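Enquirer: Have a look at this one before I ask anything.
The values are calculated or read from the model by the stated rules, or taken from the named source; none is laboratory data. This structure is a prediction, so every number in the text was calculated from the model and none was measured. Neighbour counts are summed over all protein chains in view; Cβ atoms, including those assigned to glycine, are modelled from backbone coordinates with ideal geometry.
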Amino acid sequence: MQLIVQGNVNSNFAAKLPPIPHCGYDTAGFKLCGDPMPSARDRHHAAARFMRWCNDRDGFDMSEILAGMTEAVLLVWSLDADLIDITLRSLKVSLSALVIASAVALPLGTWLAIRRFRHRRFVIATLNAFMGLPPVVVGLIVYLLLSRTGPFGVLDLLFTPTAMIIAQVIIITPLIASITHQAMRELWSEYHDLLISLNTTHGQRIATLIWDGRRTLMTAALAGFGRAIGEVGAIMIVGGNIDHVTRVLTTAIALETGKGDFALALGLGVVLIALSLCVNLTIHSLSRTEREGRW
């Protein structure tokens, strides 16, 4: 972090420095060996030298953040073709994974809430544990399965958007299912007697709970989308970050950071955050949660 020295250094900071000895300077600008010098002026200069040394050593400039913001505005304003391509691919991959994962996780979580069977507690505990699946491990497993020597290598899906969608589905399905189970368990306690008295089937019960708890389940879906759109580890492994093929916003940020282009990386980061906010606000608007007083 850059420390800018302008005029006088804070006298309190200089006063708290240890006694400064004679006989030369170290790399931080402090004198070495000899008797301590009680001069406040020397303390002041030593503090200033130390700050300048920190600036030279770290090399970080706060202007990088401003440059990143400017880069983001210019990229969006100019409708940069590469940015649009990367953004659309990010949306395509993450939303596809979200739809598939929700189709599996929402009924699964609801079924676990209403169904009683042996080892149910173990299944629920395992599902909750899978919420913290390391993405790089998921990426490695999917890579091995889809590689040419793997069982699904004949499908030739490695380093394609489909492989990225598969990895994201595996990552976010336990998250959505676990949140759904927690929400549906409370809703089932309210609907239990009514649905049992109507002699409904398990499918009807699941459909009823999902429909009545749709606004609560929206939170589960948004949590899954947030994790999917921000995923980079598994995506990098199974997608390969190929330009115009599998490059998405997160992998592009990682690439630009590695190249040292921090302004562009920050610009892409701002676009990623704005994209996530827009999707969340759009879903909330479509579900009419705010207008119905249920935000």
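Enquirer: Going by what's in this entry, would Gly260 be described as touching a helix residue (DSSP H, G or I) at 6+ places or on another chain (Cβ under 8 Å) and in the same structural domain as Leu98 (by TED's automatic domain parsing)?
Expert: Numbers: touching a helix residue (DSSP H, G or I) at 6+ places or on another chain (Cβ under 8 Å): no; in the same structural domain as Leu98 (by TED's automatic domain parsing): yes.
No.
Conditions tested, residue by residue: (1) under 14 Å from Leu106 (Cβ atoms); (2) at pLDDT 90 or above.
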position: Ala163; (1), (2): no, yes
position: Ile170; (1), (2): no, yes
position: Ile179; (1), (2): yes, yes
position: Glu186; (1), (2): no, no
position: Asn199; (1), (2): no, no
position: His202; (1), (2): no, no
position: Asp212; (1), (2): yes, no
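Enquirer: Continuing with the same structure: Checking the structure you have, find out if any residue of region 123-137 is under 17 Å from Thr251 (Cβ atoms) and under 19 Å from the mean Cα position of the chain (by Cα).
Expert: yes
Enquirer: Within region 110-127, is even one residue of a type in the set (D, E, K, R), more than 24 Å from Gly213 (Cα to Cα) and in the same structural domain as His181 (by TED's automatic domain parsing)?
Expert: As a first pass, look at region 110-127 and keep what is of a type in the set (D, E, K, R): 115-116, 118, 120-121.
Cutting the leftovers down to more than 24 Å from Gly213 (Cα to Cα) gives us 118.
Cutting the leftovers down to in the same structural domain as His181 (by TED's automatic domain parsing) gives us 118.
Scanning region 110-127, I find at least one residue that is of a type in the set (D, E, K, R), more than 24 Å from Gly213 (Cα to Cα) and in the same structural domain as His181 (by TED's automatic domain parsing), so the answer is yes.
Enquirer: Turning to a different aspect of this structure: Among the numbered criteria (1) of a type outside the set (A, V, I, L, M, F, W, C); (2) closer than 30 Å to Ile141 by Cβ; (3) surrounded by 12 or more Cβ atoms within 10 Å (Cβ to Cβ), which one does Lys259 miss?
Expert: Condition not satisfied by Lys259: (3).
Enquirer: Also, quick follow-up: What are the residues in region 142-181 that are over 18 Å from Leu95 (Cβ atoms) and touching a residue at least 24 places away in the same chain (Cβ under 8 Å), if any? Talk me through it step by step, then tell me what you get.
Expert: Initially, region 142-181 is screened for residues over 18 Å from Leu95 (Cβ atoms), giving 142-159, 174, 177-181.
Val142, Tyr143, Leu146, Leu158, Phe159, Pro174, Ala177, Ser178, Ile179, Thr180, His181, listed by residue number.
Enquirer: List the helices (runs of 4 or more DSSP H) inside region 144-255, counting only whole elements, that have at least 1 residues being assigned by TED's automatic domain parsing to the domain that holds Ser90 and either more than 28 Å from Ile114 (Cα to Cα) or touching an Asp or Glu at 6+ places or on another chain (Cβ under 8 Å) (or both). Steps first, please.
Expert: Details: elements: 161-197, 202-212, 214-229, 233-239.
Those helices (runs of 4 or more DSSP H) span 161-197, 214-229, 233-239.
Enquirer: Of a type in the set (Val, Ile, Thr), at pLDDT below 85 and under 20 Å from Gly109 (Cβ atoms), is that true of Thr216?
Expert: Working: of a type in the set (Val, Ile, Thr): yes; at pLDDT below 85: yes; under 20 Å from Gly109 (Cβ atoms): yes.
When the stated conditions are applied, Thr216 passes them.
Enquirer: In region 131-143, what residues are in a helix (DSSP H, G or I) and surrounded by fewer than 16 Cβ atoms within 10 Å (Cβ to Cβ)?
Expert: We begin by selecting, within region 131-143, every residue in a helix (DSSP H, G or I); these are 131-132, 135-143.
Correct list: Gly132, Val136, Val137.
Enquirer: I need a count of the residues in region 104-127 that are assigned to a helix (DSSP H, G or I) and either charged (D, E, K, R) or crowded, with 16+ Cβ neighbours inside 10 Å (or both). I'd like the intermediate steps shown before the answer.
Expert: So in region 104-127, the residues assigned to a helix (DSSP H, G or I) come out as 104-114, 120-127.
Then keep just the ones that are either charged (D, E, K, R) or crowded, with 16+ Cβ neighbours inside 10 Å (or both); that gives 105-114, 120-121, 124, 127.
Going through region 104-127 one residue at a time, the tally reaches 14.
Enquirer: Okay, next question. Determine whether Ile114 is more than 24 Å from Phe225 (Cα to Cα) and in contact with a Lys or Arg (Cβ under 8 Å, 6 or more places away or on another chain).
Expert: Working: more than 24 Å from Phe225 (Cα to Cα): yes; in contact with a Lys or Arg (Cβ under 8 Å, 6 or more places away or on another chain): yes.
In short, yes.
Enquirer: I've got another one for you. With the structure loaded, tell me whether Asp212 is without any contact (Cβ under 8 Å) to a residue 24 or more places away in the chain and of a type outside the set (S, T, N, Q) or whether it fails that test. Working first, answer last.
Expert: Values: without any contact (Cβ under 8 Å) to a residue 24 or more places away in the chain: no; of a type outside the set (S, T, N, Q): yes.
So Asp212 fails the test.
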